[in-house]
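Every number in this text was worked out from the coordinates using simple rules, so none of it is lab data. Note that the structure is a prediction, hence the values are computed from the model and not measured. Every residue, glycine among them, receives a Cβ derived from its backbone with ideal geometry; neighbour counts consider all protein chains shown.
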Amino acid sequence: MAQGILEDGEVIAVKKLVENPPMGHEKTFSNEVGNLMAVQHENIVKLVGFCHESQKKLVPHNGRYIIVDITEVLLCYEYLPNGSLDKYLFGT
């Protein structure tokens, strides 16, 4: 997770979904958002929004260059200043 700032000055936490996941962006995005919606609780961060961008890139493949579509999906969550839960659970 990274920290970001919206135009109105609100601080958010930004999570980048994996580029070119094996099950596709739509499924990864649906799983993440669906899980958050299913378990709404005061101790679970809220999803503020999302953004995505697709670009065509030239990449090497088997000694040749091919054009591929690269999609980046970012999820924006409310920011909680006390750090991540795993730090408290596992001491990392």
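Modelled spin-label separation between Ile5 and Glu72, with each label point placed 7 Å from Cα along the Cα-to-Cβ direction: 1.9 nm. Only one of the listed values, [x] -0.51, -0.59; [y] -0.32, -0.38; [z] -0.39, -0.45, was derived from the coordinates as log10 I(q)/I(0) by the Debye sum over Cα atoms at q = 0.12, 0.13 Å⁻¹; which label is it? Comparing each candidate, only [x] matches the computed number. Helical runs assigned H by DSSP (4 residues or longer) give the chain a calculated mean residue ellipticity at 222 nm of -6500 deg cm²/dmol, each run adding -39500 (n - 2.57) before division by the residue total. Under the criterion of Cα pairs below 8 Å and six or more residues apart, the relative contact order for the chain equals 33 percent. Using a Förster radius of 22 Å, what is the FRET efficiency between Cys51 and Leu80 based on their Cβ-Cβ separation? Nearest 0.05, please. With a Förster radius of 22 Å, E is 0.60.
Coupling constants for the range 56-61 follow from the phi torsions by the Karplus curve (6.51 cos²θ - 1.76 cosθ + 1.60, θ = phi - 60°), and in residue order they are 8, 10, 8, 10, x, 8 Hz; glycine and proline get x. Taking only pairs that are 8 or more places apart or on different chains, how many Lys pairs in the chain have Cα atoms under 20 angstrom apart? Qualifying lysine pairs in the chain: 10.
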